[in-house]
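Here's the structure we're looking at; comments come further down.
What follows draws every value from the coordinates through simple rules; no lab data is involved. Keep in mind that this is a model prediction, so the values were computed, not measured. All Cβ positions, glycine included, derive from the backbone under ideal geometry; neighbour counts span all protein chains shown.
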Ligand code: KDO
């Protein structure tokens, strides 16, 4: 019996060893995102992982880190450049820091709706802008993702028809020049805060409101600490699955193809579910006691577009690009 036990021990150790050796040879894909687990762009990473486990069994070690637990919101591109992170979903705002031309996608009331966004990125504009970002950054953009249409979400109920009604409202925005510009263009006092701090900020009143797509307002539970949604539709927002050049260049063409296909599957999962949810989510907020109001969207559009037209931000936009985006149908 003793001998049998010893043999079993050896057998166990032997079975364990090759797995450990195998794990070392797997390609590590660390993902970091501020997305909460219940939001579609958080859940989509499971679709990504499952797709790779199926198409390339044992080849990749996919590690999903949600809630910005691995890297702070907005620091992902730098982490990827340093080789500390392989994958993330980065925003047009993140990209604009290194590629100012990309700030056109951070501007309010440029992209009209999700279908327009998909057309723009699937056509020549998408090809040109993806190339520009990929050339100038240490990452490769794989696919655009529909993050949703951003709305204003306030702590207290207040009549909001035009940008003038947001005067003095401390509206939380993520912390970058382009984000703060958008908040100010809406007529509010833009206050920078990381996504993970927003719930507390709303609860304690250090901010009067925030803006995000409605599925995120649900998934991050902001509806628990706010009383009003103002359907401004001010930004049809996009994020982009990006992979570090270091990881990308180390892969074989077959592996690159599998990673691209997995990213496309994740994006499709997010886009389909997010659009479906956006179409019927207002009733949920009403059932939670929130006041949902429709402002004078034309007044917001005019105000925001005029702010961008005379801004330094717009000076970085390639000549004729705004017209080309507008003419994409
Ligand atoms: C946010 O901080 O409001 C934002 O919506 C900005 C996006 O670019 C993106 O970072 C997103 O948060 C996170 O993925 C959390 O949903």
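How far apart, in nm, are two points set 7 Å out from the Cα along the Cα-to-Cβ line at residue 116 and at residue 227?
3.4 nm
Can you give me the distance in nm between label points at residue 282 and residue 63, each placed 7 Å from the Cα along the Cα-to-Cβ direction?
Reported label-point gap for residue 282 and residue 63 is 4.4 nm.
With n ≥ 4 as the cut-off for DSSP H runs, can you work out [θ] at 222 nm for the chain, using -39500 (n - 2.57) per run divided by the number of residues, rounded to the nearest 500?
One gets -14500 deg cm²/dmol as the mean residue ellipticity at 222 nm.
Report, for the chain, the % of DSSP beta bridges that are antiparallel, rounded to 5.
Once the DSSP bridges in the chain are tallied, antiparallel ones form about 60 percent.
Helix 253-280 against the longest principal axis of the chain: what's the angle in degrees, Cα atoms only, rounded to the nearest 10?
Computed tilt is about 40 degrees.
What is the gain in length, in nm to one decimal, between residue 261 and residue 319 on full extension, counting 0.36 nm per residue of separation less the C-alpha to C-alpha distance?
Extra length from residue 261 to residue 319 when fully extended: 17.6 nm.
Mind jotting down the distance between the C-alpha centroids of region 98-165 and region 220-272, whole Å?
Distance between centres, Cα-based: 12 Å.
Using the alpha-carbon atoms, what tilt in degrees (0 to 90, nearest 10) does helix 124-136 show relative to the longest principal axis of the chain?
Roughly 60 degrees between the two axes.
Using alpha carbon centroids, what distance separates region 174-210 and region 61-96, in Å?
21 Å
Going by the alpha-carbon gyration tensor, a ≥ b ≥ c the square roots of its eigenvalues, is region 216-329 rounded (a/c under 1.5) or, if a/c is not under 1.5, prolate (a/b greater than b/c) versus oblate?
In terms of gyration-tensor shape, oblate.
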